[in-house]
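Report on the following structure.
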Amino acid sequence: MPEVASTASAPPAEQAVGKPWFVYLVRAANGSLYCGISDDPQRRFAMHQSGKGARFFSSSPAMALVYVEQWPSKGEALRHERLIKKLKKSAKEALAASYATSSIHERDAVPSV
């Protein structure tokens with residue numbers, strides 16, 4: 001069982017601290033909103049703009065990254081993505097509007113859980 005021993009010997013800080021994940025909304029040319037998650041939303045948005053990453057944008061290209069929220073883990077981001085996807089369009093539009101008017105510091109803050 002060498003793998004188990006090597007994993008158990010890793011410093012606790014490495015095990016506890018992970019890369020943050022993000023839930024994001026992208027506006028398509030037709031006005032619709034696409035919700036997704038990524039560990040790098042700017043890179044993912046660039047992929048969407050280039051026509052890669054989601055079939056959603058095959059009919060209407062990605063135009064703007066309109067909302068981003070940071071979460072401490074992929075699981076948390078997935079959970080919040082599902083919640084956002086269940087919202088009515090008007091609620092998603094409100095999220096996008098709140099992001100557009102928030103300060104950079106508020107956008108970069110990690111939400112309290």
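The values are calculated or read from the model by the stated rules, or taken from the named source; none is laboratory data. Quick caveat: nothing in here was measured; it's all calculated off a predicted structure. Neighbour counts run over all protein chains shown; Cβ positions are idealised from the backbone, glycine included.
Within region 17-45, work out how many residues are closer than 23 Å to residue 72 by Cα, of a type outside the set (Val, Ile, Thr) and not in a strand (DSSP E or B).
Total satisfying the criteria: 10.
How about region 75-84: which of its residues are out of contact with any Ser or Thr (no Cβ under 9 Å at 6 or more places or on another chain) and either of a type in the set (Phe, Trp, Tyr) or surrounded by 17 or more Cβ atoms within 10 Å (Cβ to Cβ) (or both)? Spell out the reasoning first.
To start, the set of residues in region 75-84 that are out of contact with any Ser or Thr (no Cβ under 9 Å at 6 or more places or on another chain) comprises 75-76, 78-84.
The answer is 76, 80, 81, 84.
Of the conditions (1) under 21 Å from residue 18 (Cα atoms); (2) out of contact with any Asp or Glu (no Cβ under 9 Å at 6 or more places or on another chain); (3) hydrophobic (A, V, I, L, M, F, W, C); (4) at pLDDT 90 or above, residue 56 satisfies every one except a single condition; which number is it?
Answer for residue 56: the failing condition is (1).
Going by the structure shown, is residue 70 in contact with a Phe, Trp or Tyr (Cβ under 6 Å, 6 or more places away or on another chain), in contact (Cβ under 8 Å) with a residue 12 or more places away in the chain and either more than 15 Å from residue 32 (Cα to Cα) or surrounded by fewer than 17 Cβ atoms within 10 Å (Cβ to Cβ) (or both)?
Judged against the criteria, residue 70 is a match.
So which residues in region 85-105 are modelled with pLDDT of 90 or more, part of a loop (DSSP other than H, G, I, E, B) and surrounded by fewer than 13 Cβ atoms within 10 Å (Cβ to Cβ)? Don't jump to the end; show me each part of the working.
Applying the first criterion (modelled with pLDDT of 90 or more) to region 85-105 yields 85-98.
Adding the requirement that they be part of a loop (DSSP other than H, G, I, E, B) leaves 87-88.
Answer for region 85-105, where residues must be modelled with pLDDT of 90 or more, part of a loop (DSSP other than H, G, I, E, B) and surrounded by fewer than 13 Cβ atoms within 10 Å (Cβ to Cβ): just 88.
For region 52-66, enumerate the residues that are surrounded by 10 or more Cβ atoms within 10 Å (Cβ to Cβ) and either touching a residue at least 24 places away in the same chain (Cβ under 8 Å) or part of a helix (DSSP H, G or I) (or both).
Within region 52-66, 56, 57, 59, 60, 61, 62, 63, 64, 65, 66 meet the criteria.
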